[in-house]
Amino acid sequence: MSYPAYPDYKDSGVEWLGKVPAHWEVKPLKRAIASVESGTSVNAADVPAVRGEKGVLKTSCVYRGWFDWRENKTVNKEDLGRVSCPLRKNTLIVSRMNTPELVGAAGLVAEAPAGIFLPDRLWQVSMKGRSSPKYYYYFTRSPAYRDQVKIVCAGTSSSMQNLGQDEFGAIWHPSPPLHEQQIIAAFLDHEIARIDALVEEQQRLIELLKEKRQAVISHAVTKGLDPDVPMKDSGVEWLGEVPEHWEVVRVKHAAKLESGHTPNKEKAEYWNGSIPWVSLNDSKKLAQHDYIDETNFSISDLGIANSSARLLPSRSVVFTRDATIGLAAITTKEMAVSQHLIAWLCHDEVVIPEYLLLVFYAMKEELDRYTFGATIKTIGMPDIRSLSMPLPSMSEQKEVIGYVFSERDRLDDLVAEAQKASRLLVERRSALISAAVTGKIDVRGWQAAREADPSEMLMAAEERATYG
């Protein structure tokens with residue numbers, strides 16, 4: 001939907017604001033602010049305060065673009081007398097010290113339970129009577145505000161920046177009359193809620209499509225493609241019933257198991273050679289791709305010769321056994337692996353690497369059951385050797401591979417569409433806020449209209465995921 005512009009504009013005199021409606025003022029924030037308060041640094045336990053206890057807000061209470069008082073910590077007993085600046089409704093909470101992306105982040109206090117206080121890194125900003133707190137909250141979400149925060153914080157630390165109170169008060173902003181501020185705030189409340197609902201539906205759709213993707217893999221690998229084939233009990237809990245004519249074997253009988261090793265890191269001549277070396281540093285690639293052709297680190301022939309690492313043939317299936325368990329991919333060239341991975345060399349005429357890869361994808365929950373370790377999860381070699389898999393004929397493996405890869409591509413396209421739609425909605429939300437608070441659109445005649453149920457779009461996309 002498009003909105004009209006104002007009939008008359010004037011030059012704001014401020015480069016990053018451009019022209020503003022002729023009857024609006026342009027002034028520094030300090031002229032709209034009644035007070036700026038901050039709290040005290042206190043020791044606190046990183047658990048939210050319960051009723052009757054005192055809590056101090058975390059700076060993360062404004063990280064998501066709005067204020068959440070539940071992001072607080074319980075004040076330690078010895079510091080209870082030191083807390084100051086209790087939370088109040090209809091104020092703005094502003095992060096005065098933070099990373100470059102978050103310094104100046106703000107939220108509006110819609111709810112202020114008793115016993116919640118501010119720390120020293122947050123401000124509580126009260127607005128004057130002729131200034132709408134909600135309008136000014138929306139202004140803090142506009143590029144006109146963010147750009148000025150970046151300018152006044154420039155030159156400070158690249159990791160942690162401080163927004164001074166004088167600099168904050170000097171930020172220029174367009175200021176319409178109070179009744180217009182209230183209309184703009186009401187308009188944005190309605191439109192942002194509508195956009196956020198659509199974004200949430202897209203996120204739900206993405207999750208449903210990903211679940212569908214996993215279900216396609218699991219069903220094809222464990223049940224086959226023929227819904228009428230006779231079934232039998234596999235004797236393996238995670239597999240359940242499998243087609244009667246399929247075998248169920250230990251993975252180690254379908255593919256040769258190879259372990260990895262790390263050459264001595266103090267020997268420079270063992271590293272930066274021509275042999276790709278798959279390690280946990282490649283976990284992201286293994287999680288996102290079926291094939292791996294480049295690695296973060298490489299080793300030399302000397303590294304191979306002077307360690308237990310082995311040069312593995314192409315089309316080996318590599319598999320993580322530490323940290324995130326069971327991330328797998330097929331090598332496209334000769335490679336070696338670290339001790340945190342293993343590799344499976346598929347026996348000819350027994351199992352196709354792509355089918356074994358799909359087995360590992362389907363086995364995700366089963367692998368989680370085997371893992372142990374408090375900090376870095378791992379799966380022991382005896383458990384790896386005990387892993388079982390369904391084994392159809394080579395011809396059926398090829399059919400399963402073709403079907404699953406095709407269905408995954410289709411579902412991945414739908415996920416990409418939903419992700420694009422979500423990004424566009426987020427961009428529209430930002431553009432709408434900016435246009436409204438800087439007077440690029442005139443919403444004085446706006447009235448909330450009844451909108452179509454956003455779930456209709458989700459249902460349509462679900463049908464496409466199911467029926468194509």
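The values are calculated or read from the model by the stated rules, or taken from the named source; none is laboratory data. The structure displayed is predicted, hence computed values, not measured ones. Cβ: placed from backbone, ideal geometry, glycine included. Neighbour counts: every protein chain shown. Each accessible area value is taken on the protein alone, full model and side chains, heavy atoms only, with ligands, DNA and RNA left out. Shrake-Rupley method; radii C 1.70, N 1.55, O 1.52, S 1.80 Å.
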Q: Can you run down the residue pairs with Cβ atoms below 7 Å, 6 or more apart or on separate chains, where the first is in the stretch 159-174 and more than 22 Å from GLU25 (Cβ to Cβ) and in contact (Cβ under 8 Å) with a residue 40 or more places away in the chain and the partner is among the charged types (D, E, K, R) and buried (at least 17 other Cβ atoms within 10 Å of the Cβ)?
A: ASN162/ARG96; LEU163/ARG96
Q | Where SER259 falls short, out of the listed (1) touching a strand residue (DSSP E or B) at 6+ places or on another chain (Cβ under 6 Å); (2) of a type in the set (Ser, Thr, Tyr); (3) farther than 25 Å from GLY380 by Cβ | A | (3)
Q) Name the pairs whose Cβ atoms lie under 8 Å apart, with the first residue in the stretch 191-203 and in contact (Cβ under 8 Å) with a residue 60 or more places away in the chain, the second among the hydroxyl-bearing types (Ser, Thr, Tyr), and 6 or more positions between them or separate chains? A) VAL199/SER422; GLU201/SER455; GLN202/SER422; GLN203/SER422
Q | Count of residues meeting criterion [aliphatic (A, V, I, L, M), touching a helix residue (DSSP H, G or I) at 6+ places or on another chain (Cβ under 8 Å) and either outside any helix (DSSP H, G or I) or closer than 27 Å to SER308 by Cβ (or both)] in the stretch 342-358 | A | 5
Q. Does GLU211 count as at pLDDT 95 or above, exposed (fewer than 14 other Cβ atoms within 10 Å of the Cβ) and assigned to a helix (DSSP H, G or I)?
A. yes
Q) When residues of the stretch 329-357 are filtered for being in contact with a Lys or Arg (Cβ under 6 Å, 6 or more places away or on another chain) and without any contact (Cβ under 8 Å) to a residue 40 or more places away in the chain, how many remain? A) 1
Q: Would you list the strands (runs of 3 or more DSSP E) that sit entirely within the stretch 97-187 and hold 1 or more residues that are within 30 Å of the chain's Cα centre (by Cα)?
A: 106-108, 122-127
Q: Would you mind finding the one in GLN165, GLN161 that is farther than 15 Å from TYR137 by Cα, open to solvent by 70 Å² or more (accessible area, probe 1.4 Å), of a type outside the set (Gly, Ala, Ser) and in contact with a strand residue (DSSP E or B) (Cβ under 8 Å, 6 or more places away or on another chain)?
A: GLN165
Q.
Given the criterion in contact with a helix residue (DSSP H, G or I) (Cβ under 6 Å, 6 or more places away or on another chain) and farther than 30 Å from PRO382 by Cα, identify the matching residue among ILE151, ILE171.
A. ILE171
Q | Filtered residue count, the stretch 233-242, keeping only those that are open to solvent by less than 40 Å² (accessible area, probe 1.4 Å) and either over 39 Å from the mean Cα position of the chain (by Cα) or closer than 14 Å to TYR355 by Cα (or both) | A | 0
Q | Scan of the stretch 78-96 for residues that are part of a loop (DSSP other than H, G, I, E, B), open to solvent by less than 30 Å² (accessible area, probe 1.4 Å) and in contact with a helix residue (DSSP H, G or I) (Cβ under 8 Å, 6 or more places away or on another chain), ordered by number | A | THR91
Q. If a residue has to be over 30 Å from ASP409 (Cβ atoms), of a type in the set (S, T, N, Q) and touching a Phe, Trp or Tyr at 6+ places or on another chain (Cβ under 7 Å) to count, how many in the stretch 268-313 make the cut?
A. 3
Q. Residues GLU396, GLU349: which one is open to solvent by 60 Å² or more (accessible area, probe 1.4 Å) and either more than 30 Å from the chain's Cα centre (by Cα) or under 24 Å from ALA215 (Cβ atoms) (or both)?
A. GLU349
Q: Could you check how many residues of the stretch 233-251 are small (Gly, Ala, Ser) and without any contact (Cβ under 8 Å) to a residue 60 or more places away in the chain?
A: 2
Q. Taking the condition touching a strand residue (DSSP E or B) at 6+ places or on another chain (Cβ under 8 Å) and open to solvent by 20 Å² or more (accessible area, probe 1.4 Å), does ASP147 pass?
A. no
Q) Given ALA436, ALA431, ALA448, which one is in contact (Cβ under 8 Å) with a residue 40 or more places away in the chain and part of a helix (DSSP H, G or I)? A) ALA436
**Q.** Number of positions in the stretch 12-44 that are acidic (Asp, Glu) and in contact with a Leu (Cβ under 9 Å, 6 or more places away or on another chain)
**A.** 1
(Q) Criterion first (buried (at least 19 other Cβ atoms within 10 Å of the Cβ), out of contact with any strand residue (DSSP E or B) (no Cβ under 9 Å at 6 or more places or on another chain) and at pLDDT below 95) does LEU414 satisfy it? (A) no
Q) Going by the conditions given, is GLU71 open to solvent by 40 Å² or more (accessible area, probe 1.4 Å), among the acidic types (Asp, Glu) and either at pLDDT below 95 or closer than 20 Å to ASN162 by Cα (or both)? A) no
Q: Could you check how many residues of the stretch 217-232 are open to solvent by 20 Å² or more (accessible area, probe 1.4 Å), in contact (Cβ under 8 Å) with a residue 24 or more places away in the chain and assigned to a helix (DSSP H, G or I)?
A: 1
